[in-house]
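Structure first, then comments.
Please treat every number below as a calculation from the coordinates, not as lab data. Every value quoted in this text rests on a predicted model; they were computed, and no experiment measured them. Every residue, glycine as well, gets a Cβ built from its backbone with ideal geometry; the counts of neighbours run over all protein chains shown.
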Amino acid sequence: MRTDTRAADGARGRRRTSVLGAALGGCALVAASTTAAAAHSGGHGRDVSYVALGDSYTSGPGIPQQVDADCARSDHNYPSLLAARRQVASFTDVSCGGATTAQMWQAQGTNAPQLDALHRDTDLVTLQIGGNDVGFGRVIGTCSRLAAQDPTGNPCERSYKASGYDQLTLAIVRTAPKVDRVLRAVHARAPHARVLVVGYPDLLPDDGSGCFPQVPFAQKDFPYLRDTQKRLNLMLRLVAGVNRAEYADTYGPTVGHDMCKAPADRWIEPLQPASPAAPAHPNATGEAAMAQAVLERLDAGRGRG
């Protein structure tokens with residue numbers, strides 16, 4: 001029995017190591033299909049207990065009605081819309097603006113550690129985390145500042161690769177084991193829950209085009225930053241796959257509604273929002289689109305074991 005346990009632990013360790021290698025490659029977009037580990041309704045029905053974990057892309061800063069000023073949480077973020085559509089029996093949203101994976105275990109202002117919201121009878125968990133671990137906010141600031149020096153070039157990419165390797169890819173690789181640890185903790189605290197890892201929506205034009213100065217990045221940095229986001233989402237998909245969790249793709253359904261689009265067409269607001277939302281974050285329509293993507297993932301996986 002002890003030998004079998006060591007072998008199983010070794011296999012799990014090798015699988016997690018392979019996740020890091022795939023995330024580092026970044027361009028290999030083939031991921032193992034994820035499985036629904038639900039042995040119950042798993043997010044469908046009035047008897048479901050649902051807990052939402054995440055950062056500001058989950059909490060919905062600036063979107064009316066704000067119900068928690070400390071965490072910039074909206075009652076029209078995607079977890080709230082999902083809970084209403086599913087008519088769940090119990091709904092707890094502890095997502096918080098600025099959260100990293102550390103806030104799963106550490107209090108954030110008045111927000112208790114997010115994992116504390118989970119219980120053995122939790123049926124459904126959504127998790128959207130990792131962007132702040134990689135440093136989304138710092139990247140936006142750095143790339144905006146460098147763009148002023150070379151608006152038609154790729155000064156941001158050159159800066160992040162100046163050391164001979166891509167610092168943002170390395171940041172994604174270093175975030176993978178953090179998300180892995182979060183998911184293992186989720187399963188430990190809510191062992192019967194159906195767990196969905198939610199990816200990040202399309203922030204920049206998927207075709208690599210730019211829109212300086214509306215989005216103040218240098219022209220040739222747009223494809224670099226787009227690819228960086230895709231690597232982050234790929235990492236989340238892979239880490240979900242080795243942790244008995246499903247992945248909800250919000251990037252694909254939001255392509256064509258990025259920060260560069262006209263106000264009537266965009267679901268992600270630029271650095272100077274025209275709709276109530278935080279800069280470089282989803283507006284109410286974007287949150288609704290993410291809710292729909294999660295709902296479709298739930299429906300697609302229903303009944304699988």
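Numbers for the structure displayed
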quantity	calculated
Gain upon complete extension [ASP150, ASP47; 0.36 nm per residue less C-alpha separation]	31.5 nm
Fewest-first sequence of GLU246, GLU157 by Cβ atoms within 10 Å of each Cβ	GLU157, GLU246
For peptides 121-132, 288-299, sequence by mean Cβ density within 10 Å, most packed first	121-132, 288-299
Stokes-Einstein D for the range 198-258, Kirkwood Rh over Cα pairs, 10 °C, 1.306 mPa s (µm²/s)	129 µm²/s
Selection from ALA89, ILE63, GLY131 lying farthest towards where the dipole of the range 52-194 points positive, charges on Cβ	GLY131
Cubic angstrom per residue, convex hull over Cα atoms of the range 161-289	120 Å³
Overall dimensions of the range 87-149 by Cα: Rg and Dmax, Å	15.9, 55
Mean Cβ neighbour count within 10 Å, used as a protection proxy, ranking 170-177, 234-241 highest first	234-241, 170-177
Cα gyration tensor shape for the range 98-207, rounded if a/c is under 1.5, else prolate or oblate	prolate
The range 88-127, relative contact order [Cα under 8 Å, separation at least 6], %	30 percent
Net lengthening on full extension, GLN167/SER275 (0.36 nm per residue, minus Cα-Cα)	35.6 nm
Estimated distance in nm for a label pair at ALA102 and GLN214, the labels positioned 7 Å out from Cα along Cα-to-Cβ	3.6 nm
Partner lysines for LYS161 [C-alpha distance under 28 Å; skip if fewer than 8 residues away on the same chain]	LYS178, LYS220, LYS230
Calculated FRET efficiency for the pair VAL255/ARG174, C-beta based, R₀ 35 Å, to 0.05	0.80
Fraction in percent of alpha-carbon pairs per bin - 10 Å, the range 225-305	18, 41, 30, 11, 1
Peptides 253-263, 69-79, 54-64 ordered by average Cβ neighbours within 10 Å, highest first	54-64, 69-79, 253-263
